[in-house]
Amino acid sequence: MSQKQISLPAKLINGGIAGIVGVTCVFPIDLVKTRLQNQRQGQQVYKSMVDCLVKTVRSEGYFGMYRGAAVNLALVTPEKAIKLAANDLFRHHLSKDGKGLTVFKEMLAGCGAGMCQVIVTTPMEMLKIQLQDAGRLAAQQQKPVMMSPTKLVATNTVIRQLVHKQGIQGLYKGLGATLMRDVPFSVIYFPLFANLNSLGKPSAEETSPVYWAFLSGCVAGSTAAVAVNPCDVVKTRLQSLNKGPTEETYNGVVDCVSKIMRKEGPSAFLKGAGCRALVIAPLFGIAQVMYFAGVGEYILDNTPLNLLSA
């Protein structure tokens, strides 16, 4: 990587396309993850991942599984573009001496990528969680009555209410918790993926097969996802503005951690871990395959957009 100039516009296009394809494939499981993480003891609406999916389809229809997807798809393009491209840029600059990257430098590049992405990740997660969790709250209050999708909160309503009540800074509620999740995730994920992916290369000059890049992304993604799941639970709770009648509120990360530990026990920090692993594994497997497919380079080379890479 250090011996050739990389194209930032192409990397951004690749990252954006990778994010869109990946999110479209795994979004229903991500919705389940959010709803399971927000459940409190004694107020469980869903017993498991499958139960949540079945109840969501029954009460909200098939497209209920994609509630909040519009926000995610709109913002995942810059989010994944920043994350993947930033990691490549940091790795490129850290390896300018012509030597291979040490694990420490790989972790440093991942850390930089994680810190860059939260600019977009925080508002994206903030809006997505309100929309994803609306069905759980409605089911909790109306059990066993079936819900109509029209009664669920709309995307533009959420954005309007949030900005009107709390201003633009309201979109960045939970920024600290998002950093706590995304920086360690990237520190674990990128070095692990790079080393796993290198094992599949026939030689140092060749790239690994597509299936190997996919499997490497899946393994690295699921490992990192489970490792930082406690931070994801805290982030989800902090960013959930609409609460059930008996659900507590939190005043920051420390307060959230202490209340969850005291009232629900350590196991609460693993809520949704299985779902999160199932989301992240194919998401990053697909994302890495799309990212290295070279779509961005092809677009820039064969359209007027090639001026961007000049």
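The values are calculated or read from the model by the stated rules, or taken from the named source; none is laboratory data. For clarity, every value in this text was computed on a predicted model and none was experimentally measured. Methodologically, a virtual Cβ is constructed for each residue, glycine included, from the backbone with ideal geometry; neighbour enumeration extends over all protein chains shown. All accessible areas refer to the heavy atoms of the entire protein, side chains included, with ligands and DNA or RNA removed. Shrake-Rupley method; radii C 1.70, N 1.55, O 1.52, S 1.80 Å.
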| request: Examine region 136-158 for a residue that is in a helix (DSSP H, G or I), at pLDDT 75 or above and not charged (D, E, K, R), and state whether such a residue exists. | output: no
| query | In this structure, is P184 under 29 Å from R40 (Cα atoms), open to solvent by 40 Å² or more (accessible area, probe 1.4 Å), at pLDDT 90 or above and not hydrophobic (A, V, I, L, M, F, W, C)? | reply | yes
| said: If I ask for residues that are open to solvent by 40 Å² or more (accessible area, probe 1.4 Å), assigned to a helix (DSSP H, G or I) and under 26 Å from Y189 (Cβ atoms), which ones from region 259-288 would you list? | reply: P266, S267, L270, G274, L278
| Before we move on, is R40 more than 23 Å from P282 (Cα to Cα), charged (D, E, K, R) and under 23 Å from the mean Cα position of the chain (by Cα)? | yes
| Residue that is nearest to I159 (Cα to Cα), among those in region 223-258 that are open to solvent by less than 30 Å² (accessible area, probe 1.4 Å) and of a type in the set (S, T, Y) | S240
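Conditions (1) in contact with a Gly (Cβ under 8 Å, 6 or more places away or on another chain); (2) farther than 24 Å from Q41 by Cα, marked per residue:
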site: A194; (1), (2): no, yes
site: V210; (1), (2): no, yes
site: F214; (1), (2): yes, yes
site: T223; (1), (2): no, yes
site: V228; (1), (2): no, no
site: C231; (1), (2): no, no
site: T246; (1), (2): no, no
site: C256; (1), (2): no, no
site: E264; (1), (2): no, no
| task | Give the number of residues within region 209-222 that are surrounded by 13 or more Cβ atoms within 10 Å (Cβ to Cβ) and of a type in the set (S, T, Y). | result | 2
| request: Pick out, from region 1-115, the helices (runs of 4 or more DSSP H) lying fully within it that include 3 or more residues that are within 25 Å of I159 (Cβ to Cβ) and open to solvent by 50 Å² or more (accessible area, probe 1.4 Å). | output: 8-37, 69-94
| Cross-chain or 6+ apart pairs with Cβ under 9 Å, region 33-60 first and at positive phi, then open to solvent by 10 Å² or more (accessible area, probe 1.4 Å) and modelled with pLDDT under 85 | G42/T246
| Taking A194, is it of a type in the set (A, V, I, L, M), within 19 Å of Q288 (Cα to Cα) and in a helix (DSSP H, G or I)? | yes
| remark: A careful count of residues in region 210-235 that are out of contact with any Lys or Arg (no Cβ under 9 Å at 6 or more places or on another chain) and either over 19 Å from V118 (Cα atoms) or charged (D, E, K, R) (or both) gives 11
| query | Quick one: how many residues across region 290-303 are over 17 Å from the mean Cα position of the chain (by Cα) and part of a helix (DSSP H, G or I)? | reply | 9
| query | Taking S208, is it more than 30 Å from G170 (Cβ to Cβ), within 22 Å of the chain's Cα centre (by Cα) and not hydrophobic (A, V, I, L, M, F, W, C)? | reply | no
